[in-house]
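Written out below as structure tokens is the structure these notes cover.
The values are calculated or read from the model by the stated rules, or taken from the named source; none is laboratory data. Computed from a predicted structure; not experimentally measured. Accessible surface areas use protein heavy atoms only, side chains included; no ligands, DNA or RNA. Shrake-Rupley method; radii C 1.70, N 1.55, O 1.52, S 1.80 Å.
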Amino acid sequence: DGPDAAYQVDGWAMAHLVKAEELPQGSPLDGAHGFVSGLVEAMRDPRRPKLRFQWLDASSIRIEGDIPAGMQIAVAVNFDPGWVATQDGVPLPVNENNMGFITVPAQPAQSSRIELRYRGTAEQKTAAGVSVLALLGSFGGLLVDWRRNRRTA
């Protein structure tokens with residue numbers, strides 16, 4: 001409907017093995033083709049092991065495959081400080097690349113399992129707590145007002 005279009009790209013994967021120097025450097029304002037050319041070439045390299053990517057639920061991802069030495073995992077998911085990662089149960093850092101996506105510097109391994117889980121940030125949890133307290137306060141105020149009106153009626 002309307003001017004929007006959806007395309008299916010065969011062979012597209014959400015996680016790729018990349019070298020640090022293949023990640024976008026600088027700014028996309030420097031020229032989009034040059035900005036992503038190293039990443040695009042890495043994604044097209046048929047010699048690299050392919051990774052299996054699976055959403056487990058709305059806030060959990062599993063990535064499986066061989067991780068050669070010198071490689072990182074570029075994940076086409078927006079970075080947020082609330083993401084945590086483990087590789088075979090061992091914590092890993094979760095970094096933001098210059099495209100705003102996730103990059104995980106995994107350790108070399110065969111048949112490795114990387115899990116990403118979104119835990120949220122302290123600010124988000126605090127805001128949720130304040131929202132719940134405000135909602136409870138509102139209901140409490142309505143209850144007090146309802147009781148007061150009931151007594152006078």
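Using the heavy atoms of the protein chains and a 1.4 angstrom probe, tell me the accessible area per residue for the chain in square angstrom.
Details: 10360 Å² over 153 residues.
Per-residue accessible area for the chain comes out at 68 Å².
With just the Cα atoms of the stretch 90-153, tell me how far they stretch along each of the three principal axes, in Å, largest first.
75, 26, 14
Restricting to DSSP H runs of at least four residues, report the calculated mean residue ellipticity at 222 nm for the chain, -39500 (n - 2.57) per run over all residues, nearest 500 deg cm²/dmol.
On the way: 2 runs with 44 residues, N = 153.
Computed mean residue ellipticity for the chain: -10000 deg cm²/dmol.
Compute the Rg to Rh ratio over the stretch 38-117 from the alpha carbon atoms, using the Kirkwood formula for Rh, and round to two decimal places. Please list the in-between numbers first.
Details: Rg = 12.0 Å, Rh = 12.9 Å.
Reported Rg/Rh (Cα atoms, Kirkwood Rh): 0.93.
Accessible area of L143, 1.4 Å probe, to the nearest 10 Å²?
80
Where is the GNM fluctuation largest for the chain (alpha-carbon springs, 10 angstrom cutoff): S112, S37, S138?
Judging by the Gaussian network model, the answer is S138.
Of the listed values [x] 81, 45, 29; [y] 56, 34, 28; [z] 46, 38, 28, identify the label whose number matches Cα extents along the principal axes in Å calculated from this model.
[x]
Please list 3J(HN,Hα) in residue order for the stretch 69-85, calculated via the Karplus relation 6.51 cos²θ - 1.76 cosθ + 1.60 where θ = phi - 60°; whole Hz, with x for glycine and proline.
Working through the residues one at a time gives 4, x, 10, 10, 10, 9, 10, 7, 9, 4, 6, 8, x, x, 7, 10, 10 Hz.
Return the sequence-ordered ³J(HN,Hα) values of the stretch 55-62 in whole Hz as given by the Karplus equation 6.51 cos²θ - 1.76 cosθ + 1.60 applied to θ = phi - 60°, using x for Gly and Pro.
Ordered by residue, 3J(HN,Hα) equals 6, 7, 6, 5, 9, 9, 10, 10 Hz.
Carbon and sulfur: what percent of the stretch 73-137's accessible surface (1.4 Å probe)?
Working: 2170 of 3700 Å².
Carbon-and-sulfur percentage of accessible area, whole number: 59.
Sequence-distant or interchain residues sharing an amide H contact under 5 Å with F79, placed H: which?
Residues meeting the criterion, in which the H sits 1.01 Å from N, are F101, I102.
Quick one: what are the phi-derived ³J(HN,Hα) couplings along the stretch 97-103, Karplus 6.51/-1.76/1.60 with θ = phi - 60°, whole Hz, x for glycine and proline?
Here the 3J(HN,Hα) series is 8, 5, 9, x, 9, 7, 10 Hz.
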